[in-house]
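A short write-up of the structure that comes next.
Bear in mind these aren't lab numbers, they're just calculated from the coordinates by the rules spelled out. Please read these numbers as outputs of a predicted model, since none were measured by experiment. Here the Cβ positions follow ideal geometry from the backbone for every residue, glycine too, while neighbour counts run over all protein chains shown.
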Amino acid sequence: EKGTYPHFMLKEIDEQPFVMRNIINQYQNENGDLKLDDDIRAAMKDADRVYIIACGTSYHAGLVGKQLIENIANIPVEAHIASEFVYNMPLLSQKPLFIFISQSGETADSRAVLVEVKRLGHKALTITNVPGSTLSREANYTLNLYAGPEIAVASTKAYTAQIAVLAILAVDSARAKGIELDFNPLQELAIVANAMEVLCDQKEEMEKIAREFLAVTRNAFFIGRAADFYVCLEAALKLKEISYIQAEGFAGGELKHGTIALIEDGTPVIALATQEHVNLSIRGNVKEVAARGAYTCVISMDGLQEEGDRVVLPKIHPYLTPLVSVLPMQLISYYAALHRDCDVDKPRNLAKSVTVE
Ligand code: M6R
């Protein structure tokens with residue numbers, strides 16, 4: 001039920017701090033340590049390469065997951081769009097492990113890959129919000145998201161839950177391989193939950209940004225580098241699907257290779273600047289587009305902010321920045337759709353779970 005909320009999407013955005021805390025509880029043992037299935041740990045330890053397969057928002061979470069597993073557990077990872085993978089399969093490694101990420105667990109494109117992977121005799125892990133769903137039943141292992149039912153077509157809390165669970169999986173796998181870490185995901189996720197709460201309290205500012213930048217525009221661009229780029233892809237998808245604005249996420253460095261030709265006077269460009277190692281470069285990109293007339297809005301992270309940034313995110317562990325940087329993007333998309341009188345929870349032409357290939 002929506003309760004006092006006008007839309008499920010807003011309710012689900014607001015639920016994200018609780019979902020983080022729920023995940024912490026579910027993946028913690030009595031001693032406060034990580035708790036994960038031994039079989040999953042063994043499968044990750046045994047894999048020489050992980051293939052993440054997903055669609056839409058879940059694919060975007062997979063891109064972040066790739067970075068987490070590679071950086072934390074030192075296992076090579078490829079993230080693939082399910083509908084491409086099934087018809088254009090790359091050469092597989094000797095000991096691949098497949099991870100299917102799916103909120104619903106019913107997505108037909110992902111299932112087609114799972115069927116093929118099983119036929120080839122490979123192992124599969126499904127990360128889903130629906131225990132007992134098709135993808136969960138047909139895979140060898142399942143990790144639950146514990147996000148509670150997601151009703152709005154636009155996925156929000158499932159995305160952040162997927163990233164949180166992928167971070168936990170990455171750390172568990174690292175430990176299994178004897179890698180020393182000074183990153184405790186349960187502690188860091190608690191900090192994320194608090195940061196999410198702070199952002200959920202900033203709805204007025206997000207509404208203002210949506211009104212100022214997106215109320216009448218035909219198109220909009222999101223730019224970022226490294227993990228911010230992945231979040232930009234997700235921000236653009238969120239905005240397109242519920243507001244029908246043509247939106248694209250770009251890697252900052254790619255602008256000069258073509259995209260910058262699209263910038264006209266007043267084109268909205270929303271930039272994410274949460275990554276210290278590329279902060280100077282993304283700031284340069286913001287100046288480049290502004291010089292060509294773009295109307296720019298920078299969302300940065302505490303410690304990296306500059307004068308004029310519209311939103312400053314509370315500082316969290318660098319591995320987990322997408323969990324907080326996506327939240328303003330979700331809210332901005334939500335308010336943009338409201339301003340444009342769109343059906344937020346049930347956008348045209350879309351279904352919550354896509355059960356045809
Ligand atoms: O249930 P799934 O996670 O497998 O769904 C995948 C996509 O269909 C889904 O994420 C879709 O892109 C959302 N509408 C995005 O908000």
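Taking every C-alpha pair closer than 8 Å and separated by at least 6 residues, the mean separation divided by the residue count of the chain gives a relative contact order of 20 percent. The packing ranking, built from the mean of other Cβ atoms within 10 Å per residue, places the peptides 44-51, 286-293 in the order 44-51, 286-293, highest first.
Taking amide H as placed 1.01 Å from N in the peptide plane, Leu313 has its amide H under 5 Å from the amide H of Ser300, Met301, Asp302, each at least 5 places away in sequence or on another chain. Its relative contact order, with pairs defined as Cα atoms under 8 Å and 6+ residues apart, puts segment 1-133 at 22 percent. Using every pair of separate Cα atoms, the Kirkwood estimate puts the hydrodynamic radius of segment 63-186 at 15.1 angstrom. This ranking places Glu30, Glu357 by how few other beta-carbon atoms lie within 10 Å of each, fewest first, which gives Glu30, Glu357.
Of all beta bridges that DSSP places with both ends in the chain, some 5 percent have antiparallel geometry. Each of Thr355, Thr126 was scored by other Cβ atoms within 10 Å of its Cβ. Listed from fewest to most, they are Thr355, Thr126. Of the cross-linked pairs Lys118/Lys177; Lys177/Lys315; Lys203/Lys315, those separated by over 22 Å at the C-alpha level are Lys118/Lys177; Lys177/Lys315.
Legend: residue pairs Lys123/Lys346; Lys2/Lys238; Lys157/Lys346, Cα-Cα distance threshold 24 Å; pairs beyond threshold, Lys123/Lys346.
Ordering of 213-222, 173-182 by packing is 213-222, 173-182, highest average first (other Cβ atoms within 10 Å, averaged per residue).
With 10 angstrom as the radius, rank Thr134, Thr259 by how many other C-beta atoms surround their C-beta, starting from the fewest.
Values: Thr134 20, Thr259 16.
In increasing order of surrounding Cβ atoms, one gets Thr259, Thr134.
Note on the chain: with charges restricted to the Cβ of Lys and Arg (+1) and Asp and Glu (-1), its dipole about the Cα centre is near 600 debye. Both radii were evaluated on the Cα set of segment 240-288; the Rg over Rh quotient, with Rh as the Kirkwood radius, amounts to 0.99.
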